[in-house]
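**Student:** Let me begin by handing over the structure; questions about it come next.
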Amino acid sequence: MIDKINKYLNDIDNFQSNDPEEIEAFRIKYLGKKGLLNDILREFKNVPNEEKPQIGKKINELKTKAQEKVNALKSSVKSSAGKKIQDVTRPSYPLEHGSLHPITLARKDIIEIFTRLGFTISEGPEIEDDWHNFSALNFPDEHPARDMQDTFFIQRDPDVLLRTHTSSAQVRVMEKTEPPIRTISPGRVFRNEAISARAHCIFHQVEGLYIDENVSFADLKQTLLYFAKEMFGKKTEIRFRPSFFPFTEPSAEMDVSCTLCGGEGCKICKYTGFLEILGCGMVDPNVLESSGIDSTKYTGFAFGMGIERIAQLKFNVNDLRLYFENDMRFLEQFKSKL
Ligand code: PHE
């Protein structure tokens, strides 16, 4: 009888399955009503008394072993349930591409066009002093022109402020460099404005400066015409309207023919056929002198544009706030523009 029990113990050890039906059959075979364990218990009655303790122990071992085996197999089936078999030949998901921000896209385009014309890129600090943001640019102390750009002051006397335009970076270039100077300054600027669809307290600019002997308004016009055509298409026309900036004389604002209707007149251009895109002018001799450039020898032109505005016209964005909200539904629309 001992041999029989040992054989069963061995069989139980060797049994393996992850099929629930097979496991149930195994349980019935050993532990069921008519199972092998009950057969053995019946035979046990006939075992001589002196052998009973030894064989009884063996039978208990058999019972526990069979029960443990069933439990172990059942729980391993349960834990592997729900795990799908992986198909290693399945093609992977297409990689999700991110997109560049529309401001980045427009800035890249603007920079690319001007570097093609030989302009270098100059950057300056966002936290500026009064000299570089105002005084060196011919804004006299207490002059109302300072109110044209509502300023965030960080400290008064001496004034420390957030730059209101990137012209401040160009003052630094003029102070350090002998003309000829041909540079553009892209960057973030700050003005104390209430946030609305048409104004924001943070925005981006690219300002340009060209100083050499005999630079004239014709050069300004030709450079900006080239830019407009490259940016908005060969058919683009430009027009200048007289304006005022303390650092340029004469000053102008430049419009381009409407990017939507091409000058016919539509809702976007308010039926004027033109859209304003930048300010420009001939550098005021006072500005050259402030930075140590001889204004009797050199002349120059300057211009400045808002990148948001250019992106608005290129991508038809009608609310400035969208640029700052990080709404994926907005940003994803620029995927194809990479
Ligand atoms: N700095 C001006 C502004 O921020 C733009 C400008 C630059 C105008 C150069 C004329 C010449 O509004």
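**Student:** Inspect region 211-227 for any residue being within 14 Å of the ligand (Cβ to nearest atom), among the aromatic types (Phe, Trp, Tyr) and closer than 17 Å to GLY281 by Cα and give the result as yes or no.
**Tutor:** Yes: region 211-227 contains one or more residues that are within 14 Å of the ligand (Cβ to nearest atom), among the aromatic types (Phe, Trp, Tyr) and closer than 17 Å to GLY281 by Cα.
**Student:** List the helices (runs of 4 or more DSSP H) that sit entirely inside region 266-338 and contain at least 1 residues that are under 18 Å from ILE103 (Cα atoms). Write out each step before concluding.
**Tutor:** On the way: elements: 285-290, 307-315, 328-331.
Output list reads 307-315, 328-331.
**Student:** Can you find a residue in region 158-174 that is open to solvent by 20 Å² or more (accessible area, probe 1.4 Å) and either within 12 Å of the ligand (Cβ to nearest atom) or in contact with a Pro (Cβ under 7 Å, 6 or more places away or on another chain) (or both)?
**Tutor:** No - not one qualifying residue is present in region 158-174.
**Student:** What is the residue count in region 307-319 for residues that are touching a helix residue (DSSP H, G or I) at 6+ places or on another chain (Cβ under 6 Å) and within 16 Å of the ligand (Cβ to nearest atom)?
**Tutor:** Adding up the residues that qualify gives 3.
**Student:** Which members of region 173-228 meet the condition of being without any contact (Cβ under 8 Å) to a residue 24 or more places away in the chain and closer than 18 Å to ALA252 by Cβ?
**Tutor:** ALA218, LYS221, GLN222, LEU225
**Student:** Quick one: in region 250-268, of everything that is modelled with pLDDT under 95 and over 35 Å from the mean Cα position of the chain (by Cα), which residue is farthest from LYS234 (Cα to Cα)?
**Tutor:** So the residue we want is GLY265.
Residues are listed down the side, and each one gets a yes or a no for (1) assigned by TED's automatic domain parsing to the domain that holds PHE245; (2) within 16 Å of the ligand (Cβ to nearest atom); (3) open to solvent by 50 Å² or more (accessible area, probe 1.4 Å):
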{"site": "ILE268", "(1), (2), (3)": "yes, no, yes"}
{"site": "GLY281", "(1), (2), (3)": "yes, yes, no"}
{"site": "PRO285", "(1), (2), (3)": "yes, yes, yes"}
{"site": "MET305", "(1), (2), (3)": "yes, yes, no"}
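**Student:** Looking at region 229-248, is at least one residue among the acidic types (Asp, Glu), farther than 28 Å from ALA145 by Cβ and either open to solvent by 50 Å² or more (accessible area, probe 1.4 Å) or not assigned by TED's automatic domain parsing to the domain that holds ASN133 (or both)?
**Tutor:** yes
**Student:** Would you pick out the residues in region 75-110 that are open to solvent by 100 Å² or more (accessible area, probe 1.4 Å) and either in contact (Cβ under 8 Å) with a residue 40 or more places away in the chain or under 30 Å from PHE232 (Cβ atoms) (or both)?
**Tutor:** HIS97, LYS108 - these are the residues of region 75-110 that are open to solvent by 100 Å² or more (accessible area, probe 1.4 Å) and either in contact (Cβ under 8 Å) with a residue 40 or more places away in the chain or under 30 Å from PHE232 (Cβ atoms) (or both).
**Student:** Let me ask another. Kindly list the number of the only condition in (1) open to solvent by 10 Å² or more (accessible area, probe 1.4 Å); (2) among the aromatic types (Phe, Trp, Tyr); (3) farther than 23 Å from SER196 by Cα that fails for PHE330.
**Tutor:** The number of the failed condition is (3).
**Student:** I would also like to ask the following. Can you say whether LYS52 is surrounded by 10 or more Cβ atoms within 10 Å (Cβ to Cβ), touching a helix residue (DSSP H, G or I) at 6+ places or on another chain (Cβ under 6 Å), of a type in the set (Lys, Arg) and farther than 30 Å from MET328 by Cα, as far as the supplied structure shows?
**Tutor:** Judged against the criteria, LYS52 is not a match.
**Student:** Please go through region 180-197 and pick out each residue that is outside any strand (DSSP E or B), under 24 Å from the mean Cα position of the chain (by Cα) and surrounded by 13 or more Cβ atoms within 10 Å (Cβ to Cβ).
**Tutor:** The one that is outside any strand (DSSP E or B), under 24 Å from the mean Cα position of the chain (by Cα) and surrounded by 13 or more Cβ atoms within 10 Å (Cβ to Cβ): ARG191.
**Student:** Would you mind finding the one in GLU253, GLU237 that is within 12 Å of the ligand (Cβ to nearest atom) and in contact with a strand residue (DSSP E or B) (Cβ under 6 Å, 6 or more places away or on another chain)? It would help to see each step written out before you state the result.
**Tutor:** Details: GLU237 fails: within 12 Å of the ligand (Cβ to nearest atom).
Result of the check over GLU253, GLU237: GLU253.
**Student:** Taking region 144-157 as the search range and keeping residues that are assigned to a loop (DSSP other than H, G, I, E, B) and more than 15 Å from the ligand (Cβ to nearest atom), which one is surrounded by the most Cβ atoms within 10 Å (Cβ to Cβ)?
**Tutor:** So, considering only residues that are assigned to a loop (DSSP other than H, G, I, E, B) and more than 15 Å from the ligand (Cβ to nearest atom), the one surrounded by the most Cβ atoms within 10 Å (Cβ to Cβ) is ARG156.
**Student:** Within region 112-130, count every residue that is buried (at least 16 other Cβ atoms within 10 Å of the Cβ) and either assigned to a helix (DSSP H, G or I) or not assigned by TED's automatic domain parsing to the domain that holds ALA169 (or both).
**Tutor:** 3
The values are calculated or read from the model by the stated rules, or taken from the named source; none is laboratory data. Everything numeric in this text was worked out from a predicted model, so none of it was measured. All Cβ positions, glycine included, derive from the backbone under ideal geometry; neighbour counts span all protein chains shown. Just the protein is used for accessible areas: all its heavy atoms, side chains included, with ligands, DNA and RNA removed. Shrake-Rupley method; radii C 1.70, N 1.55, O 1.52, S 1.80 Å.
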